[in-house]
Amino acid sequence: MVTRPTRLVIGITGATGAPYAIRMMEILREVGVEIHLVMSKWALATLKYETDLTEAQIRGLAHANYTARDLSAPISSGSFQHDGMVIVPCSMKTLAAVRIGFCEDLIARAADVSLKEGRKLMLVVRETPLSDIHLDNMLYLRKMGAIIFPPVPAFYTKPKGLDDMVNQSVGRMLDSMGIYTDNFPRWHGFERQKANT
């Protein structure tokens with residue numbers, strides 16, 4: 001019997017939030033998950049503002065890379081087996097495209113395939129404030145089974161900086177995808193101070 005590694009498809013769009021995608025891929029490599037990456041042309045533009053890493057360094061985190069225009073890539077077919085897809089960050093344009101099945105690029109097509117095959121699909125939506133259109137698109141896709149994950153920071157962990165906030169959000173994203181990590185503090189209830197004796 002042939003076995004395969006745990007495998008995730010990662011889509012990066014032009015919305016702000018590239019550090020989430022980078023940290024996610026770093027952690028996935030640490031835990032032995034195979035990464036299939038596709039970045040939109042606007043993601044490549046936004047990366048220059050949000051990270052000091054080059055495109056080559058970011059692509060180097062993945063095991064396989066595809067261009068957004070390559071609709072013949074393996075991840076565009078339901079016969080390509082994977083354990084889920086995360087679009088991180090997910091622009092409102094991509095959200096709308098996924099909602100209506102407008103497979104103009106490989107990110108939207110791979111998301112469409114994930115839905116039709118009953119695989120996990122997470123959309124790390126980045127926009128504020130949200131319009132009725134955005135909310136309606138999110139609700140529709142949630143009803144279709146997609147995970148809608150706005151990366152809202154937790155402050156009970158007393159983050160010391162952006163890295164802590166990114167780690168906590170990415171850890172929670174991976175929890176939702178069924179991949180456990182211990183790289184961030186978890187809630188254990190209110191801590192009670194010991195009484196002085």
Identify all residues within segment 169-196 that are out of contact with any helix residue (DSSP H, G or I) (no Cβ under 9 Å at 6 or more places or on another chain), modelled with pLDDT of 95 or more and polar (S, T, N, Q); write none if there are none. Ser176
Residue under evaluation Gly118, criteria (1) under 24 Å from Glu30 (Cα atoms); (2) outside any strand (DSSP E or B), criterion not met: (1)
Only one of Leu115, Leu71, Leu106 is touching a strand residue (DSSP E or B) at 6+ places or on another chain (Cβ under 7 Å), touching a residue at least 12 places away in the same chain (Cβ under 8 Å) and farther than 13 Å from Gly11 by Cα. Can you tell me which? Leu115
Is there any pair linking a residue in segment 155-170 that is under 21 Å from Phe190 (Cβ atoms) to one that is in a helix (DSSP H, G or I), with Cβ under 8 Å and at least six apart or on different chains, and which? Thr157/Asp164; Thr157/Gln168; Pro159/Met165; Pro159/Gln168
The condition from (1) within 15 Å of Ala43 (Cα to Cα); (2) more than 16 Å from the chain's Cα centre (by Cα); (3) in contact (Cβ under 8 Å) with a residue 60 or more places away in the chain that Gln81 misses is numbered (1)
Test Ser114 against the criterion of being within 27 Å of Asn167 (Cα to Cα) and of a type in the set (Gly, Ala, Ser), and give yes or no. yes
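Return yes or no: is Leu130 hydrophobic (A, V, I, L, M, F, W, C) and assigned to a helix (DSSP H, G or I)? Talk me through it step by step, then tell me what you get.
Values: hydrophobic (A, V, I, L, M, F, W, C): yes; assigned to a helix (DSSP H, G or I): no.
No: the conditions fail for Leu130.
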When segment 146-174 is examined, which residues are found to be of a type in the set (A, V, I, L, M), under 27 Å from Leu115 (Cβ atoms) and part of a loop (DSSP other than H, G, I, E, B)? Ala146, Val152
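Filter segment 131-147 for residues that are surrounded by fewer than 16 Cβ atoms within 10 Å (Cβ to Cβ), touching a helix residue (DSSP H, G or I) at 6+ places or on another chain (Cβ under 8 Å) and over 21 Å from Ile75 (Cα atoms) and give the result.
Result: Ile133, Tyr140.
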Quick check on my filter: what residues within segment 98-115 are surrounded by fewer than 17 Cβ atoms within 10 Å (Cβ to Cβ) and either under 18 Å from Ile35 (Cα atoms) or among the aromatic types (Phe, Trp, Tyr) (or both)? Phe102
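The values are calculated or read from the model by the stated rules, or taken from the named source; none is laboratory data. It should be emphasised that the depicted structure is a prediction, and the values quoted were computed from it without experimental measurement. Cβ atoms come from the backbone with ideal geometry, glycine included; neighbour counts cover every protein chain shown.
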